[in-house]
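Single-structure report; data block below.
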Amino acid sequence: MAISIKQRGKKYTFTFYYKDENGINRQQYEAYSNLDKADERAKMIEFLKWKNDDKTLLQLVNEYNANKAGTKTKHYSKNDNMCKTFSEFIWAWAQRHAHKVRMKPSSYAGLKRNIRNHIEPYFGKMIVSKITPETIEDFFFQLSQKKCRGAKSYKKSEDQIPTLKGSSLMKVFNIIRPAFRDAETWGYTKRNPISSDQAPAYKYAKRKFWKKEQVQHALKKINDPVLHLAVHLAFMCNMRPGEVVGTDTEGIDLANKYFQISQTLQRVETEALEELAQDDIIRIFPKKKPDAKTVMILKKPKTEKSERKGFLNMKLCEEIEKRLQQIEQDKRYYGKDYHDYGLLLCFPNGDPIEPRTMDKRFKKWQKSDGVSAEDIIDMQGLRKSATMYKLRLTNYDVQVVGGEGGQTSATTILDHYDEVLEEDRRKLSIQVENDFYGRLEQKRVTEDFDLRRLFKELVEQPDLAKKLYACLPVLQKAT
């Protein structure tokens with residue numbers, strides 16, 4: 001049951017029940033001067049009650065009461081935490097933090113992956129209270145020298161394997177900064193060893209995109225009907241890859257030329273899915289292998305603004321109608337073996353197509369069509385291509401284009417879609433020239449006219465004389 005926060009004077013208060021050390025239910029009353037703090041605290045308590053974590057809840061209650069009374073109780077002491085290792089702290093923090101910020105399963109899996117691969121190997125056995133700013137500096141220096149693993153290291157000698165990118169270092173920084181902030185609050189350390197100026201410097205890698213003509217070429221050449229529709233939808237409706245393959249047939253209204261973008265498809269780790277609340281999960285697809293560690297899910301879109309209408313043109317309506325007819329044929333062919341999940345883009349038996357699979361299909365087609373390596377883009381690149389195209393088409397109407405793509409703010413668009421095309425810069429240069437210097441009249445170039453020389457050439461070249469004579473009526477009419 002959700003905790004109800006009430007304002008009493010200048011305080012925001014709420015009550016809840018917890019179990020003491022003897023398992024007896026007791027009521028706890030808490031008051032905060034700030035609504036955000038009260039709401040954050042209430043969500044944490046709701047999460048612990050949902051997980052049936054009575055022990056941690058009791059610790060939080062005792063901590064609150066100890067701070068309020070200025071004394072320490074026998075149940076919990078900050079001094080206990082001052083002796084704990086980073087590993088003991090970070091895993092307890094990760095799950096609480098994920099719930100507090102309403103982290104999605106895929107983001108939570110990424111958080112755990114970064115802790116496991118990059119953070120815990122260095123800090124794991126250290127006592128949190130002993131970690132200093134110098135330790136943090138040394139950690140990031142060592143991390144910047146760390147070699148990549150996986151596909152980037154295959155069939156390469158040690159000196160050819162690249163080190164971690166600045167963006168990877170920034171992801172790690174964005175994990176340990178709030179972690180150490182909470183470590184100070186929870187009594188694991190007296191002083192937060194991280195400051196904002198310790199953030200690693202890195203250059204944001206711009207995503208590649210296509211011009212209108214390149215997209216038009218692709219739509220003319222792609223023969224795979226499923227891939228063609230995916231590319232068409234992604235560009236015309238500014239859709240994310242997961243939104244494209246998660247398109248629901250029930251939300252399509254061909255008569256009024258629109259469809260609802262209300263769900264996205266992605267693969268997540270089963271462990272992450274089990275540890276977080278599943279409020280945003282619409283469907284969990286059956287595993288292909290019983291021992292698989294990941295699973296496909298349908299979930300609500302990335303943000304609230306991502307839920308939107310996608311407007312269809314006549315070409316898209318015709319293509320979607322053909323696709324719906326093909327789905328009906330597949331249902332009749334497969335019969336009971338057809339898995340009807342209501343997906344517009346799916347395998348012939350109705351099974352979902354993973355965004356990564358569609359990405360591979362698209363890149364494979366580009367290579368077969370002879371697209372150069374520097375021009376190959378992914379499905380997300382089509383979304384950027386659409387945004388760039390529509391910004392220019394609307395004379396940079398950020399509000400309209402943002403609504404079309406479900407971007408959360410104008411800042412997001414300006415930060416990620418700020419490239420200027422060369423032809424736009426050339427046009428601007430001409431406009432500046434005309435405005436600054438004024439339009440320059442073309443100089444009339446006159447040459448001396450030698451009648452004798454012309455007569456001589458006409459005598460020597462009879463064909464030229466005939467052509468000139470044939471043009472005389474036209475020249476007379478023009479004058």
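The values are calculated or read from the model by the stated rules, or taken from the named source; none is laboratory data. Since the structure is predicted, the reported quantities are computational estimates derived from the model, not experimental observations. Virtual Cβ from ideal backbone geometry, glycine too; neighbours counted across all protein chains shown.
Observations on the structure shown:
- If you go through region 339-366 and keep only what is of a type in the set (Lys, Arg) and without any contact (Cβ under 8 Å) to a residue 60 or more places away in the chain, you end up with 360, 363, 364.
- Residue that is nearest to the chain's Cα centre (by Cα), among those in region 370-403 that are of a type in the set (S, T, N, Q) and at pLDDT 90 or above: 380
- Close pairs (6 angstrom Cβ cut-off, 6 or more residues apart or separate chains): closer than 20 Å to residue 113 by Cα in region 265-290, of a type outside the set (D, E, K, R) and part of a strand (DSSP E or B) anywhere: 267/294; 267/296; 268/297; 269/294; 270/295
- Hey, residue 332 touching a residue at least 60 places away in the same chain (Cβ under 8 Å) and either loosely packed, with under 15 Cβ neighbours inside 10 Å or of a type in the set (Lys, Arg) (or both) or not: no
- Among residues of region 235-268 being of a type in the set (Asp, Glu) and surrounded by fewer than 19 Cβ atoms within 10 Å (Cβ to Cβ), the one that is nearest to residue 357 (Cα to Cα) is 248.
- Subset of region 138-165 that is at pLDDT 85 or above and in a helix (DSSP H, G or I) - its residue that is nearest to residue 122 (Cα to Cα): 139
- Total residues in region 182-202 satisfying the condition of being out of contact with any Gly (no Cβ under 7 Å at 6 or more places or on another chain) and in contact (Cβ under 8 Å) with a residue 40 or more places away in the chain: the figure is 11.
- Scanning region 126-151 for residues that are surrounded by fewer than 13 Cβ atoms within 10 Å (Cβ to Cβ) and more than 23 Å from residue 90 (Cα to Cα) returns 145, 149, 150, 151.
- For residue 391, the criteria (1) over 21 Å from residue 222 (Cβ atoms); (2) free of Cβ contacts under 8 Å to residues at least 24 places away in the same chain hold in every case but one, which is (2).
- Residue list for region 15-29, restricted to those being over 14 Å from residue 55 (Cα atoms) and touching a helix residue (DSSP H, G or I) at 6+ places or on another chain (Cβ under 6 Å): 16, 28
- Selection of region 281-329 for residues being part of a helix (DSSP H, G or I) and either at pLDDT below 90 or closer than 15 Å to residue 343 by Cβ (or both) yields 304, 305, 306, 320, 323, 324, 326, 327, 328.
- For region 4-59, the tally of residues that are outside any strand (DSSP E or B) and at negative phi stands at 33.
- Within region 203-233, the set of residues being within 22 Å of residue 321 (Cα to Cα) and touching a Gly at 6+ places or on another chain (Cβ under 9 Å) comprises 233 only.
- Within region 1-14, the residues that satisfy the criterion of being of a type in the set (A, V, I, L, M) and in contact with a helix residue (DSSP H, G or I) (Cβ under 6 Å, 6 or more places away or on another chain) are 3, 5.
- In this structure, residue 221 does not qualify as out of contact with any helix residue (DSSP H, G or I) (no Cβ under 7 Å at 6 or more places or on another chain), outside the structural domain of residue 340 (by TED's automatic domain parsing) and more than 30 Å from residue 92 (Cα to Cα).
- In region 101-119, the residues that are out of contact with any helix residue (DSSP H, G or I) (no Cβ under 6 Å at 6 or more places or on another chain), modelled with pLDDT under 90 and outside any loop (DSSP other than H, G, I, E, B): 106, 107
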